[in-house]
Each structure stands twice: as structure tokens, then as C-alpha cells.
2 protein chains.
Amino acid sequence: MEFQEVVRRRRMVRAFRPDPVPGDVVDLLLDNATHAPSAGFTQGWAFLVLTKPADRARFWDAAWPPDERDGSRREEVMSAPLIVVCYSSKRRYLERYAEPDKGWTDRDESRWPAPFWDIDAGFAALLMLLTAVDRGLGGLFFGLQHHRRVASAFGVPDDHRAIGALAIGYPAPDEPSPSLRRGRRPVAEVAHFDRW
Amino acid sequence: MEFQEVVRRRRMVRAFRPDPVPGDVVDLLLDNATHAPSAGFTQGWAFLVLTKPADRARFWDAAWPPDERDGSRREEVMSAPLIVVCYSSKRRYLERYAEPDKGWTDRDESRWPAPFWDIDAGFAALLMLLTAVDRGLGGLFFGLQHHRRVASAFGVPDDHRAIGALAIGYPAPDEPSPSLRRGRRPVAEVAHFDRW
């Protein structure tokens, strides 16, 4: 698909057909994720990839415990045949930038004007969302309130933080997010030419 | 260009031809940036867009003061005809999620498992980099050590943080980043199937 069409078609998908994500698409999603840019080519990302029904059920039990669900259509997201939890490792960035070519041997976090570990993992997540669209699928990126429960359920080491998770599959009819009623902020509002 | 080709061609460009970025490409970059996803459709991003030589010179004087330059080929990045500084506003996210449909009226930052304000602004930055590639241009995303000097030079309000800046233009022959010698981390190393 043309790049511009992918950008325009992408939207968060919240309900999925039961068909599994083909293996070659899973491979391409992950391969494209590793082509995201990263500061100092640190690539301090990691992905927990869940395709089996039992693993996905364990994920949802941890990420969205049954006693917090409300029976609304929001639960349709649990129909996604593929979950990719996206992790960032700050440790890897501090270590990378302590190497001789960067020289931040004090590993002082205040040197970092922004959390590039999270931003880079976000780059990888967005490339997976766009790749899904390119291949006729769709996905949702969502934050994990209960990221510690998820880490505990799947043996994720302490030095990795979940920046969010992707639910991916073939789109089924869903309810658009009520947030969309806010409207898109026009370029004239968010772009400042020459000065603020 | 096909989406997959854009993903594979994208690399950080560090030197540029003097030709300006056409106005329709500047428009498309910014329009695509506003099509990035964002938590709660907050769209808490903003962009400082610099095309005029005097503005770009003022940017570089603040972001990379002359007494910190070393005469190396790294200075070629200053040839970029377009600079887009990418900002995130945490305040907008805390306000958005204090609205009734989200209900986080305490505006407590600890509710946020990751800094979605920075991640969403990163999404917008990556879409601009990919759009540049799609249109035959290229770009570099880089962090701003002296973001306060930049803010002061251009009147950026305190509640906006620079997650980084884009230098964009038509690529000229450059020196690939020495960081690339590290090699790409293979999918088998970063992806964990079923469990960690």
C-alpha cells in the first residue's frame, strides 16, 4: 500500500475478527519494529509476543482484571488474536551512552532532555501499527495500568518497563472512540512558524 | 512510495543539499504529524518550524553553541533547510484525563504507566521522518541538550518540553553514524514469544 494511504487509513481498532494473524505478518511486524530509529542505535526495546489463547487470557487477567471490567463494548478488544507488549530498557541507554564515543560515564539521567528509551520503543510500536494497516489488519495501542501484574505473569525482568501494548488483528465493526469527538487539532494550532 | 520501501529506506541523514524543502512537503509533514495517534486523542504536541536562514542560525546558536562544535563532519547537519522542533505538553494530558470520561481529576502523574505525552510527540516525529523519505527527502532526529536556550530564543512556553528536533532536507553524501557498527539487534533477541 502507498505510504500516504497507510497514514490516512490508520486508526485505533477496538474489535477483531477471530482469524489469527498470519505468521509472515507477525514476522514482518517484529522485523519492522527493529527498523525503528533509536538514540545511539541503542535499540533498547523488547517485545512480549502473545498469540496462544491461554497466554492472551493470562495477559488480560493481569492487564484488565475481570472485576474491573464493565460488560461494555470496550471488552471487544480482548478478541485480538495477537498481543505485543512493548518494553523499554532505560538501563541499556545509560550503558550505551557510558561507552567511549558518548562518554556519559556518570550514567546521570538528568543528561537526557527526554526519555529516549520510551520514545524509541514508541517508534517501534508505531511502525507495528502502520505495518498492520499496510497488510490489511489493524490495531490498538493502549497503556497498562497493571504493568507490574503483567510483568509478574510473564517473567519480565525489573529493568524493562511496559510503555504500552498492541492488540492486533483483522478489524471487525467497532465503536469509534468517544475521544474522537474532540476533533483533530489543525496544523495552524499546533505548528509555530519562525517563532512561537 | 510503497510503505514497506519507506520503512527500509529510512535512515538518519546527516548532510543536506542546499535546496529548500518545497512548501507542499512542509505542509504534508505537519499534516501527517497531526495524524499520529495520541492517548485520549489529547494531541498534546506542538512544533516549532524553522525555514528561514536567520531563524535556523538562531536555532543552532542556541542548540549547539559555536564553542561546543569541533569542526567535524557532524556540523554538516546545520546545512538542513528545515528544522522542526517537536514539543510535548504533559499539562494537556493531565487536563484531558481529568475530564469526566477519564476521571483522573487528581491529575496524579503516578497514574501514568509511561510518559504518553513524550511517546505521542515521538509518534508525530517519526511520521514526519517517514513522510520525508516518502517524498524523496531525509532527516535526522536528535535530542536537544540546550533545550532551555532554544525555548528562550523562540519564546516557547514553560509547559512545553522539547522531545527532540528534526533536521530535514534533500540528502547529500554523509558519513554514516559510527553507532551503526553496533549492528541491528535481531528479532530473536528482542522478541519474547509466549513468555520472557
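Rounded to two decimals, the Cα radius of gyration of the protein assembly as shown over 2.2 N^0.38 Å is 0.96.
Determine the sum of side-chain charges near B:Val25: Lys and Arg each +1, Asp and Glu each -1, restricted to other residues whose C-beta is under 13 angstrom from that of B:Val25. Could the numbers behind the result be given before it?
On the way: positive: B:Arg135; negative: B:Asp19, B:Asp24, B:Asp27, B:Asp31, B:Asp134.
Summing Lys and Arg as +1 and Asp and Glu as -1 gives -4.
Sorted from shortest to longest, the distances between the A:Gly183 label points of this copy and the other copies are 5.4 nm, with each point 7 Å from Cα along the line through the beta carbon. Taking amide H atoms as placed 1.01 Å from N in the peptide plane, the amide H of B:His160 has no partner under 5 Å among residues 5 or more positions away or on other chains. Taking other C-beta atoms within 10 Å as the exposure proxy, B:His160, A:His146 rank A:His146, B:His160 from fewest upward.
Annotation: amide H-H contacts under 5 Å for A:Arg10 (H modelled 1.01 Å from N, sequence separation of 5 or more, or interchain): none.
Connecting C-alpha atoms closer than 10 Å in a GNM of chain B, tell me which of B:Ala151, B:Ala162, B:Ala57 has the biggest fluctuation. Residue with maximal mean-square fluctuation among B:Ala151, B:Ala162, B:Ala57: B:Ala57. In a GNM of chain A with a 10 Å cut-off on Cα contacts, which of A:Ser110, A:Ser88, A:Ser79 has the highest mean-square fluctuation? Residue with maximal mean-square fluctuation among A:Ser110, A:Ser88, A:Ser79: A:Ser110.
Near A:Leu137, once Lys and Arg are set to +1 and Asp and Glu to -1 for all other residues with Cβ below 13 Å from its Cβ, the sum equals +2. Look at A:Thr34, A:Thr42 and count the other Cβ atoms within 10 Å of each Cβ; fewest to most, that gives A:Thr34, A:Thr42.
What separates the A:Gly23 label point from its copies, with the point 7 Å along Cα to Cβ, is 5.4 nm, written shortest first.
Let me make sure I get this right: for region A:1-78, a, b and c are the square roots of the gyration tensor eigenvalues over alpha carbons, sorted descending. Under 1.5 in a/c it's rounded, otherwise prolate if a/b > b/c, else oblate. Which is it? Don't skip to the answer; put the middle values down first.
Values: a/c = 1.90, a/b = 1.46, b/c = 1.30.
It comes out prolate by the Cα gyration axes.
With n ≥ 4 as the cut-off for DSSP H runs, can you work out [θ] at 222 nm for the protein assembly as shown, using -39500 (n - 2.57) per run divided by the number of residues, rounded to the nearest 500?
Values: 14 runs with 134 residues, N = 392.
Helices in the protein assembly as shown give a 222 nm mean residue ellipticity of -10000 deg cm²/dmol.
Placing a label point 7 Å from the Cα of B:Asp70 along the Cα-to-Cβ direction, the residues of region A:75-97 whose backbone N falls under 20 Å of that point are A:94-97. Counting from the shortest, the label point at A:Lys102, 7 Å from Cα toward Cβ, is 3.0 nm from the same position in each remaining copy.
Percent relative contact order of chain B, based on C-alpha pairs within less than 8 angstrom and at least six residues apart?
On the way: 290 pairs, mean separation 68.1, N = 196.
Normalised by residue count, the contact order of chain B is 35 percent.
Taking A:Ala15, A:Ala46, A:Ala114 in turn, the Gaussian network model of chain A (Cα-Cα springs below 10 Å) assigns the largest fluctuation to A:Ala114.
No lab work stands behind these numbers, since they all come straight from the coordinates. The structure presented is a predicted model; accordingly, all values stated were derived computationally and were not measured. Note that each Cβ is placed from the backbone with ideal geometry, even for glycine, and that neighbours are counted across all protein chains shown.
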